[in-house]
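Here is the structure we will look at, set down as structure tokens.
No value in this document is a laboratory result; all are computed from the given coordinates. What you see is a predicted model; the values in this text were computed from it and never measured. Cβ atoms come from the backbone with ideal geometry, glycine included; neighbour counts cover every protein chain shown.
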Amino acid sequence: MANSVIDLLYLAKQNRVDIRLDDGRLQLKVPKNTDKNLLDELKEKKELIIDFLNNNNTGNKKYNKYSNH
């Protein structure tokens with residue numbers, strides 16, 4: 001289990017999970033073989049992730065993306 005939102009986002013990135021914030025809504029693109037525990041933690045900390053992305057958005061206010069690209 002990740003200790004912080006940053007750790008969780010990093011773990012998601014390592015597992016090729018695409019996390020997007022679009023108009024305040026969290027969207028995930030998840031590979032088929034993604035660990036269920038990671039998905040559960042992402043769901044559990046959804047509001048914290050949204051707050052983090054909103055507060056740390058350096059680009060367009062409408063869209064922020066953490067991905068592997």
DSSP-assigned coil residues among trypsin sites (Lys or Arg not before Pro) in the stretch 2-33, each with at most 14 further Cβ atoms within 10 Å: Arg16, Lys32
Potential lengthening between Gln14 and Lys36 on full extension [0.36 nm per residue; Cα-Cα distance subtracted]: 6.5 nm
Three-way shape call for the stretch 1-46 based on the alpha-carbon gyration tensor, with the a/c threshold at 1.5: oblate
